[in-house]
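First comes the structure, then the notes that go with it.
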Amino acid sequence: MVTTVALQISQLFIARSWRGLFLVMLVSLHLAAMWGTEDYWARGLMLAHFGLFILWQPFMRGEHRLSSVQAAAIAAVALGTLYFLNWWLLALWVSVLAGIVGGKVFLFQARWLRRFYLVVLLYLVSLLLIWIVPNTFIRVPLPNEVELLAQYGLPVLFLVMIAIPAETDSAETPQVVDFFYAAMIVLLLIALALGSFAFMTVGQIDYIVALSYSMLIIAGVLLLLSFAWNPRAGFSGLSVYFSRYLLSIGLPFERWLYFLAELSQLETKPERFMKEACVGLARLPWVSGGFWHTAGESGDFGKVSKNSVEFTNQEIHLRVFTKLPLSPSLVWHFQLLGQLLGEFYVAKQREQKLQQQTYVQAVHETGARMTHDVKNLLQSLNVLCAAAERDTASDAGGELSSLMRRQLPAITQRLQQTLDKLQKPDASNGRFIKADTWWEGLQRSYAGRGVEFSREGQGDAVMLPKELFDSAGDNLLQNAADEGTRAFGNRIRHRPVPDQPARRDFGILAAVA
């Protein structure tokens, strides 16, 4: 309990007074460099500097617990600082520290905080080039002006750091260092130091002159690279090729997207699609496993690790475990993949709902057609039953038999058509016949039933859907018979529709005479 409280208090103190600790770290580095690497007090100061760096370092948060390997590495660095410190190691350490600070400068949004780290970077580069590098390569005493500048001029930058206003920014907490900028700064400092040493050795010139030559050459190279990076002549520069090289990291993502597109064409069920897509996601080289869940189902794949990235929307929740910590660009890539997977999943759900609605609509339409056909057949049977009841025994033989011979084959045919609809609901509505032929068949079906047919105009050879017109004719005739009185006859008059000649429909006008 006491240890936990002490850790919380120390974390709060470091979070609020991180700038003071950082300045003490730089002061200890400055004193150790001024006293020289052979001095025992300098080695003790470097050990204190390394401890303060661990408190400030941007790679691990304060609540992070060190593993045994990390603790052993810190102890090894501390012992190496005490027993093996020299100017070469000091120069390498200052270069790395300058790279870390330079990699953090471009991550800040606060103006004064960025300026603070720029002053720190200026101090580290000046300390390296003015004091540490000459003591590393030159074994002769430095001019008094250089010593005075290093001993008393560089500490003035500490006062500038103190004078810079403090700003509250989320970036003050430990954060990721831009590896590219850090590596570039370290490589430039190493090239500057080695270039100065090469000029001194080959040209037998002073260090200040050699340093000036190296700085001018490196500045010229950087200027040429800046023009080649984004040229003004209208053609693509080095940035295009460099971007293509960096985007090669997306090749595994591209393969997974190609797999996702193929899977969307093969798999129709949303849950199975989600499961197979996550299994394909586990094939990416840095993915160790993950889990997902939707409103109706959940699943997992691979192995669980301590590094993860999550994606959540209204339909799915996806969490992917990775083998190594992800950079911000890879986190963005995984967020994009999760969004694409969610869109595909939603599309599959919509497709499934559309199929269900289409099926229900087809069943409804088929049932409606069947009801209509059965109603027509029932009407025909009612007519036969009424005729059988109306006829007397004396004259029932001839007329009733004739009516049965005409109607029963038609009823049998229409029953067969209704059965075909049940077996094949998506099939065609039936065969087509000529209008004259259909009209003659309709007259034969209602012969002797008190229905008078008349025709206006000439015959027509247009093709009609027989089943549709049979059903419509029966409905119209039955409705006319129900609404009219049975004392009068029904007169059916036929003529082509004059106002729609392109359709060439047959108009059926049923009027109760």
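The values are calculated or read from the model by the stated rules, or taken from the named source; none is laboratory data. These numbers come from a predicted model, not from an experiment. Glycine also receives a Cβ, built like all others from the backbone with ideal geometry; neighbour counts cover every protein chain displayed.
Scanning the range 161-182 for residues that are surrounded by 14 or more Cβ atoms within 10 Å (Cβ to Cβ), part of a helix (DSSP H, G or I) and at pLDDT 75 or above turns up MET161, TYR181, ALA182.
Checking the structure you have, find out if any residue of the range 82-95 is assigned by TED's automatic domain parsing to the domain that holds LEU52, under 20 Å from SER212 (Cβ atoms) and within 43 Å of the chain's Cα centre (by Cα). Yes: one or more hits. Residues in the range 256-302 that are surrounded by 17 or more Cβ atoms within 10 Å (Cβ to Cβ) and in a strand (DSSP E or B): VAL287, SER288, GLY289, GLY290, PHE291, TRP292, THR294, PHE301, GLY302.
Tell me the residue from ARG65, ARG43 that is part of a helix (DSSP H, G or I), charged (D, E, K, R) and more than 21 Å from VAL156 (Cβ to Cβ), please.
Details: ARG65 fails: part of a helix (DSSP H, G or I).
Residue meeting the stated conditions: ARG43.
Selection within the range 453-472: residues that are under 12 Å from ALA435 (Cβ atoms) and assigned to a helix (DSSP H, G or I). The member of this set that is modelled with the lowest pLDDT is LYS466. The single residue among VAL133, VAL105 that is more than 22 Å from LEU21 (Cβ to Cβ) and touching a residue at least 24 places away in the same chain (Cβ under 8 Å) turns out to be VAL133. Pairing residues of the range 68-96 that are assigned to a helix (DSSP H, G or I) with residues that are among the hydroxyl-bearing types (Ser, Thr, Tyr), at Cβ distances under 7 Å and at least 6 apart in sequence or on separate chains, gives TRP87/THR37; TRP87/THR136; TRP88/THR136; LEU90/THR37; ALA91/THR136. Does the range 96-115 contain at least one residue that is in contact with a Lys or Arg (Cβ under 7 Å, 6 or more places away or on another chain) and either polar (S, T, N, Q) or not assigned by TED's automatic domain parsing to the domain that holds PHE197 (or both)? No, every residue in the range 96-115 fails to be in contact with a Lys or Arg (Cβ under 7 Å, 6 or more places away or on another chain) and either polar (S, T, N, Q) or not assigned by TED's automatic domain parsing to the domain that holds PHE197 (or both).
Based on what the data block shows, is LEU128 at pLDDT 90 or above and either crowded, with 21+ Cβ neighbours inside 10 Å or within 24 Å of GLY99 (Cα to Cα) (or both)? Yes: the conditions hold for LEU128.
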